[in-house]
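**Q** Got a structure for you, questions after.
What follows is calculated from the coordinates using simple rules that are stated; it is not laboratory data. The model shown is predicted, which means the values in this text are computed figures rather than measured ones. Note that each Cβ is placed from the backbone with ideal geometry, even for glycine, and that neighbours are counted across all protein chains shown.
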Amino acid sequence: MEFELLRNVTIGQYIPTNSVIHRLDPRAKLLATLLLGMAISITSSLVTQLLLLLLLLAIAKASRLAVQYVLRGLLPSLRVLIFLFIIQLLFQGWREPSGQILLDWYWLRITEYSLRFVALGVLRVIEFFVLVSLLTLTTPATQLTQGLEILLGPLRRIGLPVHEIALMNMIALRFIPTLAAELEQIMKAQASRGGADGQAPWWRVDVMARARIPLIVPLFITALRRSEELILAMEARGYVSGAQRTRFARFAWTKADTLAILGMLGIYLLAWRMQWPALTYFL
Amino acid sequence: MNISTRKIVVAGMMIAVSAVLAITGLGYFPVPNLTNDATIMHVPVIIGAVLEGPVVGLLVGLVFGINAYVRYLGLPFFVDQPAWVPILVLFIPRVCIGLVAGWVYLALRRANQTFALALAAILGTIANTALVLGSAIALGLLPVAAVAASLPQALFEIVLAAVITIAVVAAWKQIETGRGGSSV
């Protein structure tokens with residue numbers, strides 16, 4: 001049983017290294033993230049995807065973060081991802097148009113097209129993960145929430161509860177590491193009291209379920225208890241839902257922010273337009 | 001729209017639980033299945049909806065949906081599809097989980113709490129699976145055989161969701177009332 005659950009939790013962690021990226025306005029960072037996200041989604045070219053990945057890793061370097069740390073957050077979902085992609089590889093081979101058929105073995109068919117699909121999928125998942133991790137690693141959650149609230153502010157006119165959603169997200173972000181640590185404690189407590197260890201063949205799902213429920217239910221109860229405490233704390237400090245509020249922290253928009261936005265806009269347009277004629281074979 | 005402090009906090013906390021279940025891998029149960037593991041990441045949506053109403057279910061489902069959208073956007077299914085396809089297949093079903101579960105519970109809780117909890121969880125999970133698979137098949141992204149392939153996973157998710165929902169809500173209501181027993 002693995003106890004060090006938080007070791008691989010990189011999303012939601014903020015690492016203050018005070019780099020150029022850290023000092024950007026959170027609104028700029030959010031917009032840049034959005035633009036990069038769109039760029040990643042919009043391009044079907046493998047070369048562009050690789051370049052985008054390199055760009056992301058370069059940004060990580062610029063924020064004085066260890067690239068290894070950022071990528072480590074992928075570890076927990078690695079198994080699921082690999083499984084998904086193997087399945088994809090098996091099923092996508094029969095799609096038309098297929099391009100060149102690389103492997104034709106009874107029912108298994110891998111074509112140029114299917115390989116490209118799967119490769120694109122892998123790259124996209126990694127890129128999205130790194131993108132979001134970068135955002136949370138370089139921006140404290142409070143700034144993220146406030147930035148998002150300001151950006152979405154105009155939507156309040158159409159009745160969207162912008163402030164409430166922003167607050168909800170901030171609460172979630174703030175409590176993810178806390179709950180993970182609590183879960184670790186629960187696991188240790190259960191193990192030290194000789195709780196079920198759930199060691200069984202992988203297909204004995206009932207054993208695994210029986211072993212995990214004593215972990216999951218206390219997790220929920222702890223979360224609900226903390227909710228009660230938080231509600232009390234907020235109301236005791238005079239928080240009234242639906243009231244007009246002003247902001248304590250103001251954000252100053254600098255030239256660096258404009259540069260970042262324009263840069264990302266440029267990248268998005270490039271990704272949209274970029275076709276690499278000489279390398280069409282790989283695309 | 002005036003959403004009370006309580007609803008905001010519970011919704012936020014349920015989102016956090018969902019995230020922790022995903023990040024730590026505790027929410028994934030390998031099932032003899034052709035597709036992915038059975039998951040319980042939708043259970044916080046159901047529990048939020050049951051405890052605080054369909055609005056909270058909607059909010060948590062919204063974030064869960066955005067999460068699913070970002071996470072699965074890269075899948076080869078969606079590579080050459082128009083933009084609204086992933087939204088329909090990934091996002092909308094998750095939003096519906098909370099609404100369905102919340103309404104079902106509200107409608108049935110006067111009759112029998114345990115039954116209402118179970119049905120809310122079951123119908124919520126079915127709503128998710130049915131909508132995701134249904135829209136994927138209707139759009140031609142998956143063969144109809146995918147239904148049979150995902151059946152073990154779906155069944156397991158339904159059972160787990162019901163069990164966990166009842167266990168958590170029963171324990172929680174007991175704690176809340178502070179008395180020795182509860183109606184569940």
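**Q** Points 7 angstrom from Cα along the Cβ direction at A:Leu90 and B:Asn112: gap in nanometres?
**A** In this crude label model, A:Leu90 to B:Asn112 measures out at 4.1 nm.
**Q** Next question. Under unit Cβ charges (Lys, Arg +1; Asp, Glu -1), what dipole magnitude, rounded to 20 debye, does region B:5-177 have relative to its Cα centre?
**A** Computed charge dipole of region B:5-177: roughly 400 debye.
**Q** Setting aside same-chain residues fewer than 8 positions from B:Lys173, which lysines have a Cα under 29 Å from its Cα?
**A** By straight Cα distance, B:Lys173 reaches A:Lys188, B:Lys7.
**Q** Let me ask you something else. Take every residue in peptide A:122-129, count the Cβ atoms of other chains within 10 Å of its Cβ, and give the average of those counts.
**A** Taking all residues of A:122-129 together, the mean is 3.
**Q** Sorted by packing (mean other beta-carbon atoms within 10 Å per residue), highest first, where do B:139-152, A:56-69 land?
**A** Top to bottom by mean Cβ count within 10 Å: A:56-69, B:139-152.
**Q** What is the average number of partner chain Cβ atoms found within 10 Å of a Cβ in A:178-190?
**A** For this peptide, the per-residue mean of nearby foreign Cβ atoms is 2.
**Q** Taking a ≥ b ≥ c as the square roots of the eigenvalues of the Cα gyration tensor of region A:116-269, is the shape rounded (a/c under 1.5), prolate (a/b larger than b/c) or oblate?
**A** Note, shape of region A:116-269 comes out oblate.
**Q** Next question. Lys/Arg Cβ at +1, Asp/Glu Cβ at -1, dipole of region B:5-177 taken about the Cα centre: which of B:Val43, B:Thr24, B:Val168 is farthest positive-ward?
**A** Farthest along the dipole direction, towards plus: B:Val168.
**Q** Under 5 Å between amide H atoms, partner at least 5 residues away or on a different chain: which partners does B:Ala38 have, H built in plane at 1.01 Å?
**A** B:Phe29, B:Val31
**Q** I would also like to ask the following. Among B:Gly140, B:Gly53, B:Ile92, which residue has its Cα positioned farthest towards the positive end of the charge dipole of region B:5-177, with +1 placed on the Cβ of Lys and Arg, -1 on the Cβ of Asp and Glu, and the dipole taken about the Cα centre?
**A** So the residue we want is B:Gly53.
**Q** Also, quick follow-up: Once you keep just the Cα pairs under 8 angstrom separated by 6 or more residues, what percentage relative contact order results for region B:5-177?
**A** Rounded, it is 25 percent for region B:5-177.
**Q** Between A:Ala191 and B:Ile87, what FRET efficiency comes out of the Förster formula 1/(1 + (r/R0)^6) with R0 = 41 Å and r the beta carbon distance, rounded to 0.05?
**A** 0.45
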